[in-house]
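Worksheet: one structure, shown below.
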2 protein chains.
Amino acid sequence: MEGDDECVVENREWYLAAYSTEGVPTSDHLKLRTVRISLASHSIPDGHVAVETLFLSVDPYIRTMLTGTLDGLYIEQFQLNHVITAFAVGRVITSKHGNNNNFVVGDFVLIPSAPVAEYSIVPATKILRKIDAATGISLPEYLGSLGVPGFAAWVAIEVLADPKPGSNVFISAASGAVGIIAGQLAKLRGCRVIGSTGSDHKVELIKEELGYDDGFNYNKESDFDAALTKYFPDGIDVYLDNVGGKMLEAVLNHVNKYARIPLCGMISQYNKVWTEREGVRNLLNMIGKEVRMEGFMLASHWHRFGDFAKDMEGHIKQGKLKSKNKINLGIESFLDSLISLFTSSNVGKVIVQVKA
Amino acid sequence: MEGDDECVVENREWYLAAYSTEGVPTSDHLKLRTVRISLASHSIPDGHVAVETLFLSVDPYIRTMLTGTLDGLYIEQFQLNHVITAFAVGRVITSKHGNNNNFVVGDFVLIPSAPVAEYSIVPATKILRKIDAATGISLPEYLGSLGVPGFAAWVAIEVLADPKPGSNVFISAASGAVGIIAGQLAKLRGCRVIGSTGSDHKVELIKEELGYDDGFNYNKESDFDAALTKYFPDGIDVYLDNVGGKMLEAVLNHVNKYARIPLCGMISQYNKVWTEREGVRNLLNMIGKEVRMEGFMLASHWHRFGDFAKDMEGHIKQGKLKSKNKINLGIESFLDSLISLFTSSNVGKVIVQVKA
């Protein structure tokens, strides 16, 4: 890219037009706009690279960064009128990065907080890792089992829950992006794994394709307590909570001694203001059963990302881990992709493919 | 005690006459009866000792063992018509214990689950430790700062919370048996320590006598959130929860990153059936702030009791730790002593002195 004119691109990007405090975000809150940016070498600061975005990871945490209110939920909020960010796979198209570990033109890279845009200029320090194309693993996989949901599942199961063979593991949102990986990781550890999910079809899927021992459709269970009594006659040792609210409360009536509850997300609660969220009345149970409940964010675990990637690439190459990716085409599909996370319509990981 | 007749004693003991599912327990639930038992050597099985009870520890957990329902709260429940148990200091009056670590007549001993009775025959394996009279520490102290509440405070602060110098520590039920010790341990670690308690008098006490940096009377605060904003402008790093419910919910709106919340007890919730307990609606905050909330029971930490005792005896001998004991006389005072834990009338540790 030598000539300056050629290097100016029409760059479509999603920005936060208005805070979304309650309910599912809409096109009132997130809007697509076109900006012109130069990708010419002289427009790029030293230590930076220009990247074309190939795939964007669509994750529930993004919704929690749209409220504009710090009700203690997550640290950061997107800024009004600024482009929002997501975990992404990109390709370096111009590089002004000159240390020993150079990113060069053509490199495929993972960027945890990439602008949700077709192109971007980012400091090399914000790149998490280079993707080794020789592994034969497909690029979207780096946003699924090797990306945010895979890492979340790995931290929850391998680091925080650390279940023993034979432990009884319960996973809510079991057919979601985190759930499908977490269930398989727990199975690889020899656990008995039960999942809850939002349709009979998904229950079939986690049992038939993803190796869960059993599962149930929470929409058909009027009494979660009774369901857990049925599926966990020996109690629950690990609960990977992806939903919060009433399911978490029900679980606390079935926990075994020293149960671990990694809090990965609470998708049932994200679209509500906090005073309307469902109260959990039986935290007292945590004392007698000596339960540890622990929230976590991936940012605090980046130092383990290398261990995670090595583990997971091993599982994938040995055919021990299946993935489910739902790929939507074009950056314009980002908002609908985000909304789809809250409608129970998806199975597995939702990804936006930016370049056809 | 050679002659058999002399060895038969009239032994008063408290037993569970009826379960108490809700409200403060009364004389309908706990009753005193007199039984005749023989303390003669031939009446005592090998490996056992006969003990006269000197002091009984009156702790809130006892109330939770009277409900007869395992709603997940605590593992064990007292049996109907059986004598209840408590942590006690006793003196060995007959010994049939013959291993290398003999308990002999005259030994002062600590028994975690001693019958709430004037005399008892217990296996030596149920004795936690011998008390070294040469330390000069008074016997009731072994039920306070060196007993259940001291150990609970030590596990919560030293093992689970592990605060750094300068950490902001909040302790509810701050003038209670656990709170007075926990606050002092946190101060010894260089923390800023604030307590909540139930009267202006107790607020004065924790500030003036026990070294708390500040405190407030929760009965005078209509808005816990506002109170915490005022007392914790820099947020809360450690919350030692002794009450649960609304205070815990308020705290979760003020937690700092990586806050630790040891759940020591939830005295505000003990007298309620679980569906009527106060729901905590903002557990979601635990994710963004990566909070660890952890229930604990002392039984899982007995292996640390030696470390604890050494630590605390050191603090006591150096005059670094003050205690507050409320001693009620006579085994007949046990029920009223237990009830007093729920009426906000006490400061510090409630102990029944069985022998005058």
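Please identify which residues in region A:149-170 have an amide N closer than 19 Å to a label point set 7 Å out from the Cα of A:D214, following the Cα→Cβ vector. Residues A:166-170 qualify, since their backbone N sits under 19 Å from the label point.
Buried accessible area between B and A (1.4 Å probe, both chains summed, ligands and nucleic acids excluded), in Å² to the nearest 100?
3600 Å²
Between the amide H of A:V280 and those of B:V280, B:R281, distances stay under 5 Å, these residues lying 5 or more places away or on another chain, with hydrogens modeled in the peptide plane. Annotation: for a label point projected 7 angstrom from Cα along Cα→Cβ of B:R129, residues of region B:286-306 with backbone N closer than 16 Å are B:298-306. Averaged over its residues, chain B has an accessible area of 39 Å² per residue, based on protein heavy atoms and a 1.4 Å probe.
Normalised Debye scattering of region A:125-208 at q = 0.13, 0.18 Å⁻¹ gives log10 I(q)/I(0) of -0.47, -0.80, counting only Cα atoms as equal scatterers and leaving out solvent. Cross-link pairs out of A:K207/A:K230; B:K187/B:K326; B:K187/B:K324; B:K96/B:K130 include none exceeding 25 Å in C-alpha to C-alpha distance. Taken along the Cα-to-beta-carbon direction at a fixed 7 Å, the label points for B:K310 and A:H303 span 2.9 nm. Per-residue 3J(HN,Hα) values for region A:320-331, derived from phi via the Karplus relation 6.51 cos²θ - 1.76 cosθ + 1.60 with θ = phi - 60°, read 8, 9, 9, 10, 9, 10, 10, 9, 9, 9, x, 4 Hz in sequence order (x marks Gly and Pro).
Region A:150-193 and region B:122-144 have Cα centres separated by 45 Å. Between A:G136, A:G47, A:G195, the GNM of chain A built on Cα springs shorter than 10 angstrom shows A:G136 fluctuating the most. Could you work out the helix-only [θ] at 222 nm for chain A, with each DSSP H run of four or more residues adding -39,500 (n - 2.57) and the total divided by the number of residues, to the nearest 500 deg cm²/dmol? Calculated at 222 nm, the ellipticity per residue is -5500 deg cm²/dmol. Our summary gives region B:148-299 a relative contact order of 21 percent, counting only alpha carbon pairs under 8 angstrom and 6 or more residues apart.
A simple packing score, the average count of other Cβ atoms within 10 Å per residue, orders the peptides B:312-322, A:49-59 as A:49-59, B:312-322, with the highest score first.
Over 40 Å, how big is the tail of the calculated P(r) for the protein assembly as shown, in percent of all Cα pairs? Cα-Cα pairs in the protein assembly as shown separated by more than 40 Å: 42 percent. Between A:S222, A:S340, A:S145, the GNM of chain A built on Cα springs shorter than 10 angstrom shows A:S222 fluctuating the most. Annotation: extensible slack from B:E10 through B:D162 equals 49.9 nm (criterion: 0.36 nm per residue apart, minus Cα-Cα distance).
Given N residues in region B:273-350, what is Rg(Cα) / (2.2 N^0.38 Å)? Intermediate results must be reported in sequence, preceding the final value.
On the way: Rg = 18.7 Å, N = 78, 2.2 N^0.38 = 11.5 Å.
Working it through for region B:273-350, the quotient is 1.62.
Computed over chain B, relative contact order equals 17 percent, with contacts defined as Cα pairs under 8 Å that lie 6+ residues apart.
Quick one: compute a quarter of the convex hull surface over the Cα atoms of region B:148-299 and quote it in nm².
With the hull built on Cα positions only, its mean projection is 8.5 nm².
The residues packed around A:T85, meaning those with a beta-carbon under 12 Å from its beta-carbon, carry a net charge of -2 if Lys and Arg are +1 and Asp and Glu are -1. For B:F216, nonlocal amide neighbours, meaning residues 5 or more places apart or on other chains whose placed amide H falls under 5 Å from its own, are B:G195, B:S196, B:T197. Under a 5 Å amide H cut-off, with hydrogens placed 1.01 Å from N, A:G348 pairs with A:G176, A:A177 among residues at least 5 apart or on other chains. Interface residues of region A:287-311, defined as those losing at least 30 Å² of solvent-accessible heavy-atom surface relative to the isolated chain (probe radius 1.4 Å), are listed as A:I287, A:G288, A:K289, A:E290, A:R292, A:M293, A:E294, A:G295, A:M297, A:S300. Give the lysines reachable from B:K289 as a straight Cα distance under 18 Å; neighbours fewer than 8 places away on the same chain don't count. Of all the lysines, those that pass the test against B:K289 - Cα under 18 Å, at least 8 places apart if same chain - are B:K164, B:K257.
Where the alpha-carbon atoms of chain B are placed on the principal axes, they occupy 70, 44, 35 Å, in descending order. Element breakdown for region A:148-299 at a 1.4 angstrom probe: carbon and sulfur atoms account for 48% of the accessible area.
The values are calculated or read from the model by the stated rules, or taken from the named source; none is laboratory data. Small disclaimer: the values here were computed from a predicted structure and weren't measured. Ideal geometry is used to build each Cβ from the backbone, glycine not excepted, and the neighbour counts take in all protein chains shown. Side chains are part of the model used for accessible areas, which takes the heavy atoms of the whole protein and leaves out ligands, DNA and RNA. Shrake-Rupley method; radii C 1.70, N 1.55, O 1.52, S 1.80 Å.
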